[in-house]
1. Does Ala43 meet the test of being assigned to a helix (DSSP H, G or I), in the same structural domain as His92 (by TED's automatic domain parsing) and either exposed (fewer than 14 other Cβ atoms within 10 Å of the Cβ) or among the aliphatic types (A, V, I, L, M) (or both)?
2. Would you mention how many residues in the range 51-101 are part of a loop (DSSP other than H, G, I, E, B) and either at pLDDT below 90 or touching a strand residue (DSSP E or B) at 6+ places or on another chain (Cβ under 9 Å) (or both)?
3. Sort out which residues of the range 58-78 are surrounded by 13 or more Cβ atoms within 10 Å (Cβ to Cβ) and either under 27 Å from Ile17 (Cα atoms) or without any contact (Cβ under 8 Å) to a residue 24 or more places away in the chain (or both), and write them in order of number.
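The values are calculated or read from the model by the stated rules, or taken from the named source; none is laboratory data. Owing to the predicted nature of the structure, the values given are computational and were not obtained by experimental measurement. Cβ coordinates were reconstructed from backbone atoms using ideal geometry, including for glycine residues, and neighbour counts include every protein chain displayed.
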Amino acid sequence: MGEQTKKIQKMYYSGTINSREFWKQVTNFFGLTHVSEIELRNAYLTSYTIFPEMLELAIILKQKYKTLLLSNLTVEMVAEIETKYSIKKYFHTLYFQMKLV
């Protein structure tokens, strides 16, 4: 099971498959006939929370140091946290693996 899910994830992260195809393959692999790809994607997006204390710490550090966020989040999650948390204001530079590929 682990190797197949890693393969699906690698195809998505490398850009070989798009978001819709990724979620379709995930739902098919796990036999999630009662959940649509969109429902699974939305559940994933709403599962992520940034602790407010970490954002406060990022602001303090940004005042004294050059700060950088490096992450391997998916395209959807990057868009979600950029919107939900206005993450750009907490760091001087943002690098997301999916946007570098």
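1. no
2. 8
3. Hits for the range 58-78 are Leu61, Leu69, Ser71, Leu73, Thr74, Val75, Glu76, Met77, Val78.
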